[in-house]
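Q: Sharing a structure with you now.
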Amino acid sequence: MADYFAHETAVIDEGCNIGAGTKIWHFSHLMTGCVLGEKCNIGQNVVVSPNVVLGKNVKVQNNVSIYEGVTCDDDVFLGPSMVFTNVINPRSAVNRKSEYLKTHVGKGASIGANATIVCGHNIGEFAFIGAGAVVTKEVPAYALVVGNPARQMGWMSEFGQKLLFDEDNIAVCSESGEKYKIENNKVSKLG
C-alpha cells in the first residue's frame, strides 16, 4: 500500500518515486521518472513531467506544469498557474527535446501566481518571485523580484518578510528576529 495519498482522478505513471506523506489532488498527472520528496502537496490539474525532481515539502498549487529540466529543492512554493518553460525558442514543427534548458529553484523559494520562469534561469534559495513576474535572468538568493521583465525590488527573509538594511548592512526579520547581512550585493543569514 502506498504511503502517500492520490485522489482517484490522479494519473500516476509507473516509475514515479513519491515520498511518504505526499498528497496528489484531482486531475493531476505524474509522469514516468519524476521524483517527489516527502510531504509534497500537488494541487489540482498539475502535470509533473519525466525526470522532474521535487524536494521535501514542495507545495505546487493548481494548474501548474513542471516540465522536464526543472528541479526544486526542499520547501519550494509554486503559486497557482505559474509557468516553467523548457525550450528557449519553441516551434511546433521543430523537435527541440534535445535542447531542453535546466531550471533550478533553491530551497525555500516562492514563485507567485501566474509568474513565468523562462528556462535556463535559476532561482536562488529563499528568493521571492512576485505574482505575474516574468523571470528572464538568474535570481539571487533572498531576492524579491516583480514585474515584466522581472526586476529586483529588494530582499526577503526566510519568513517572507521584506528586509531593510541599516548603515552596517544588517537587517532583522520583523517576524522571526533573525539577522541578515548584505555584502557585495549578496545576502546571507547570520548566526
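Rule-based calculations on the coordinates, nothing more; no lab input. Remember, predicted model here, so these are calculated numbers, not experimental data. Don't worry about glycine lacking a Cβ; one is built from the backbone with ideal geometry, like all the others, and counts go over all protein chains shown.
Q: Counting only residues 5 or more places away or on other chains, whose amide H sits under 5 Å from the amide H of N41 once H atoms are built in the peptide plane?
A: Amide H to amide H, under 5 Å and 5 or more residues apart or across chains, N41 pairs with K23, V58, K59, V60.
Q: Compare the Cα positions of G43, A93, A113 along the charge dipole of the chain (+1 at Cβ of Lys, Arg; -1 at Cβ of Asp, Glu; about the Cα centre) and return the one farthest towards the positive end.
A: A93
Q: Rounded, prolate or oblate: which fits the stretch 38-139 when a ≥ b ≥ c are the square roots of the eigenvalues of the alpha-carbon gyration tensor, with rounded for a/c under 1.5 and prolate only if a/b beats b/c?
A: The shape class here is prolate.
Q: Same structure, new question: Relative contact order for the chain: what is it in percent, counting Cα pairs under 8 Å that are at least 6 residues apart?
A: Once normalised by length, the contact order is 10 percent.
Q: Please work out the C-alpha center-to-center distance from the stretch 56-70 to the stretch 117-191 and express it in whole Å.
A: 21
Q: Among the aspartates and glutamates, which fall within straight-line cross-link reach of K23, defined as a Cα-Cα distance under 19 Å, with same-chain neighbours fewer than 8 residues apart omitted?
A: Filter leaves D3, E8, D13, E14, E38, D73, D74, D75.
Q: Then there's this: From the gyration tensor of the Cα coordinates in the stretch 56-108, what semi-axes in whole Å does the equivalent ellipsoid have, largest first, with each one equal to sqrt(5λ)?
A: Its equivalent ellipsoid spans semi-axes of 24, 13, 7 Å.
Q: What FRET efficiency do you get for E178 and E38 if R0 is 22 Å and r is their Cβ-Cβ distance, rounded to the nearest 0.05?
A: My answer for the efficiency is 0.30.
Q: If you don't mind, there's one more thing I want to ask. Size of the stretch 5-90 along its principal axes in angstrom, Cα-based, largest extent first?
A: Principal extents (Cα only, largest first): 37, 25, 25 Å.
Q: Determine the equivalent ellipsoid of the chain by diagonalising the alpha-carbon gyration tensor, then write out the semi-axes as square roots of 5 times the eigenvalues, largest first, rounded to whole Å.
A: 31, 20, 13
Q: For the chain, the longest stretch holding no trypsin sites (Lys or Arg not before Pro) located in a DSSP loop with at most 15 other Cβ atoms within 10 Å is which? Write down the numbers at each step before the final one.
A: Values: sites that count: R96, K102, K137.
In short, 1-95.
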